[in-house]
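These notes are about the structure you will find just below.
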Amino acid sequence: MKSELKIAIIGGGPSGMMSAIALARKGVEVALIEKSSWPIDKVCGEGIMPSGVEILKEFGVFELIDSKFYRKFVGINYIDCLGKGKARGEFQSGTGYVVRRTALSQALYKKACEYPSISLHPFTEFINFKLDDSKITVYVRDDSSGSEQSIENFDYIIGCDGIRSRVRKIANMDSSPPSDKKRIGARAHFKMAPWSDCVDVWWNKGIECYVAPVSEEIVEFVFGWDHDVVKPQGKGKSSGLESGLFSFFPELEKKVEGVEKLSPLRSYGPLPTGSKGPIQGQVILVGDSCLFFDPITGEGLSLSFEQSKLLAENIFSLGHASGVQSYISKIVNIKTNYLRVTSLALVFTYFPWVRRVALWILSFCPSIFNHMLEVNMGRRKIWQFSRSRLLKTQ
Ligand SMILES: Cc1cc2nc3c(=O)[nH]c(=O)nc-3n(C[C@H](O)[C@H](O)[C@H](O)COP(=O)(O)OP(=O)(O)OC[C@H]3O[C@@H](n4cnc5c(N)ncnc54)[C@H](O)[C@@H]3O)c2cc1C
């Protein structure tokens, strides 16, 4: 059924595409504006938690992902390079998948093309918007001609334009990020066979490396570090940053020595961003534009999908104050959880002795780690931990 609503979505990353698909399923007409074109790559850990995979399956996107570019993972391994401690947590329900970002983008694109109510505008940069008589006009620049155009008559504008969101800035919804730490992310892919059925998180002081197996012959290495604590400097001009980052993880450095690289090292940051909230009048923020803290818990994509789904479920009630309140409280609920678990994980990065003790406890009581993974996905509350599970092994 077609609704009366017409919505502009800015940004064709995972949250923009998923929001477009979720809204189109509700009969809403969507114009999606993206400055580049699909498939879109980005610095990302590429691990999708079971909660996110479930939404991809529900919306028929998962089956469109090229199977050469994804691989199952059953949980997370924590490995401490300083204390040599190790702990393993496994998902209690569902499976996670590491999905090459471009393959995910291509699948979302294919799914979006199935809906006639979604009009895609690639190579089109969002410049500004204006609200007039409760209708929104969006101003864009066409990349090929360089000309500016306006598209009119939208009921809502949704900013899915990432951590440096222009929609958020123009709507005056910028706010201080959840942390003032200058955390940076970087990633590269190597042609090699994976050695783990988990995403492995290796720790050193102020820096982590996430090792994500993308397929039987691709492994991704993602680094997260605090620019004020760690200054990665290596030898050589172009590979300076890369060798500097690997030098914190000698075991991994040895593994990639002489191995063919499939993507160059790309960095991105500083990462944390915040907004005044997920909605203000007719402006809605979804995904990283709304809030991004840190990739350390691997939740960004799943949260974006969850937020897109919630938006579509609530879109027809956003015209009323009570509907807006109810939508905000649902979003705050999932974001609060994310903020709590991410803060906890970052303590491990900054305080090696806390990490050492925590990993020692988790290695003896893996059920606590399993429980925290469920808490991270919002599937359990932190206090919903039964003592009978405590000493259960995997
Ligand atoms: C180092 C790192 C590791 C990560 N690891 C993981 C992980 O393992 N698992 C996980 O789930 N998440 C991870 N994340 C988080 C994840 O990448 C993000 O949460 C996710 O990309 C959010 O998607 P988005 O669509 O909101 O934003 P983006 O992916 O940033 O997409 C924004 C889109 O908007 C477009 N755009 C921007 N400005 C304009 C404009 N003016 N006009 C038109 N288009 C515009 C951009 O071109 C882009 O396509 C990681 C992030 C980082 C930095």
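A compact table of results
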read-out: Cross-link pairs beyond the 21 Å C-alpha cut-off, checked among LYS26/LYS57; LYS86/LYS205; LYS86/LYS231; LYS35/LYS169; LYS169/LYS276; value: LYS86/LYS231
read-out: Probe 1.4 Å, accessible area per residue of segment 288-385, Å²; value: 42
read-out: Hydrodynamic radius (Kirkwood) for segment 51-148, which is based on Cα pairs only, to one decimal in Å; value: 17.6
read-out: Carbon + sulfur, % of accessible area of the chain - ligands and nucleic acids excluded, 1.4 Å; value: 53
read-out: Of LYS2/LYS110; LYS335/LYS381; LYS6/LYS330, pairs whose Cα-Cα distance is over 19 Å; value: LYS2/LYS110; LYS6/LYS330
read-out: At least 24 Å along the helix axis (C-alpha) and Kyte average at least -0.5, DSSP helices within the chain; value: 321-350
read-out: Mean residue ellipticity (222 nm) of the chain, computed from DSSP H runs ≥ 4 via -39,500 (n - 2.57), nearest 500; value: -9500 deg cm²/dmol
read-out: Segment TYR139-SER93, length gained on full extension (0.36 nm per residue, minus Cα span); value: 12.1 nm
read-out: Kirkwood estimate for segment 231-346, i.e. one over the average of 1/r between Cα atoms, Å; value: 17.1
read-out: q = 0.11, 0.13, 0.15, 0.24 Å⁻¹: log10 I(q)/I(0) that the Debye formula gives for segment 282-376, counting C-alpha atoms only; value: -0.43, -0.55, -0.68, -1.23
read-out: Net charge over other residues, Cβ less than 13 angstrom from the Cβ of TRP38 (K, R count +1; D, E count -1); value: +3
read-out: Percentage relative contact order, the chain, counting C-alpha pairs under 8 Å, at least six apart; value: 20
read-out: For a label point 7 Å along the Cα-to-beta-carbon line of LYS110, residues of segment 44-72 with backbone N under 19 Å; value: 48, 53-72
read-out: Estimated translational D of the chain in µm²/s (Stokes, Kirkwood radius over Cα pairs; 4 °C; 1.567 mPa s); value: 60
read-out: Environment charge of ASP228, counting only residues whose C-beta is closer than 13 Å and scoring Lys/Arg +1, Asp/Glu -1; value: +3
read-out: Proximal charge balance of ASP197 [Cβ under 11 Å; K/R count +1, D/E count -1]; value: +1
read-out: Paramagnetic reach from GLU253 (point 7 Å along Cα→Cβ, amide N under 11 Å) across segment 83-124; value: none
read-out: Rounded accessible area per residue of segment 96-236, 1.4 Å, Å²; value: 43
read-out: Potential extension, ARG164-SER317 segment - 0.36 nm per residue separation minus Cα distance; value: 52.2 nm
read-out: Sites LYS205 and GLU4 - FRET efficiency at Förster radius 56 Å, r taken between beta-carbons, to 0.05; value: 0.50
read-out: R0 of 25 Å, Cβ-Cβ distance VAL229-LEU64: FRET efficiency to nearest 0.05; value: 0.05
read-out: Relative contact order for segment 79-148, counting Cα pairs under 8 Å that sit 6 or more residues apart, in percent; value: 17
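The values are calculated or read from the model by the stated rules, or taken from the named source; none is laboratory data. What you are looking at is a predicted structure, and each value in this text was computed from that prediction instead of being measured. So basically every Cβ, Gly included, is an ideal-geometry build from the backbone, and we count neighbours across all protein chains shown. To get the accessible areas, we keep the full protein, side chains included, count just its heavy atoms, and leave off ligands, DNA and RNA. Shrake-Rupley method; radii C 1.70, N 1.55, O 1.52, S 1.80 Å.
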